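Presented below is the structure to which this report refers.
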Amino acid sequence: MAAAGGDGGAAVAGDSGADGGGGPALSAAPGRAQVFTTVVDTFLEKLVAAGSYQRFVNCYRCFYKLQPQLTRSIYDQFISQLQASIKEEIQEVKNEGNLEGLFSSLDKVVEEAKDREEPAWRPSGIPEDDVRSAMVPYFLKHRSYLRRVLREKEEENRKVAESVLMGRDRIAELQQLIQARQQAWQAISKEQRELVMTFQEPQ
């Protein structure tokens, strides 16, 4: 972590020099995702410091006296696996809660709020008015969204109904066509039977 901090400082210094000596450049504030990562790294550092090798040896002094090198190897593996396990758990929490997206959204909101001229919302001291002022815009927006979804669904239903009606009309046309052909076939069959009977009449 200290090495990372040193590299970051060198990078900032290099950027300042590249600006042409117009004064020290102000580095941008780190985003919430970066701050969260830094907090996790700091926590892991303190965790390793709390579970130092000396404390580990004190807990297993007899084993350490017999196998000091093996004790050190076991400790290193334990710390490595512990850090990896914690990082994996934290990453799963970040993925499940979409923390990266939420952090980015919060950074965007804060950035947009810097240029906002109107004052930020403050509670008035009257709970009913505060709830109304906070919830009414949300409900109005949600109502607009529901109306838009309703219009889309109604349009989809209209198209489906039209498709059903067109299908019914097509089925009716096919039924009429089948009936007409059936009648024509019956007429032809009747004529054939009459013609056969004519040839079969006695002379």
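Since every read-out is calculated from the coordinates, none of them should be taken as a lab result. The structure presented is a predicted model; accordingly, all values stated were derived computationally and were not measured. Here the Cβ positions follow ideal geometry from the backbone for every residue, glycine too, while neighbour counts run over all protein chains shown.
Results, tabulated for the structure shown:
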read-out: Theoretical gain in end-to-end length, residue 100 to residue 141 [0.36 nm per residue, Cα-Cα removed]; value: 12.2 nm
read-out: Summed residue charge, Cβ within 14 Å of residue 86's Cβ, Lys/Arg positive, Asp/Glu negative; value: -2
read-out: Nearby lysines by direct alpha-carbon distance to residue 114 (threshold 21 angstrom, same-chain neighbours under 8 apart not counted); value: none
read-out: Estimated distance in nm for a label pair at residue 65 and residue 185, the labels positioned 7 Å out from Cα along Cα-to-Cβ; value: 10.5 nm
read-out: Estimated vicinal HN-Hα couplings, Hz - region 31-42 in sequence order (Karplus 6.51, -1.76, 1.60; Gly, Pro = x); value: x, 5, 5, 5, 4, 4, 4, 5, 4, 5, 4, 5
read-out: Estimated Rh, region 82-203: Kirkwood, alpha-carbon pairs, angstrom; value: 23.8 Å
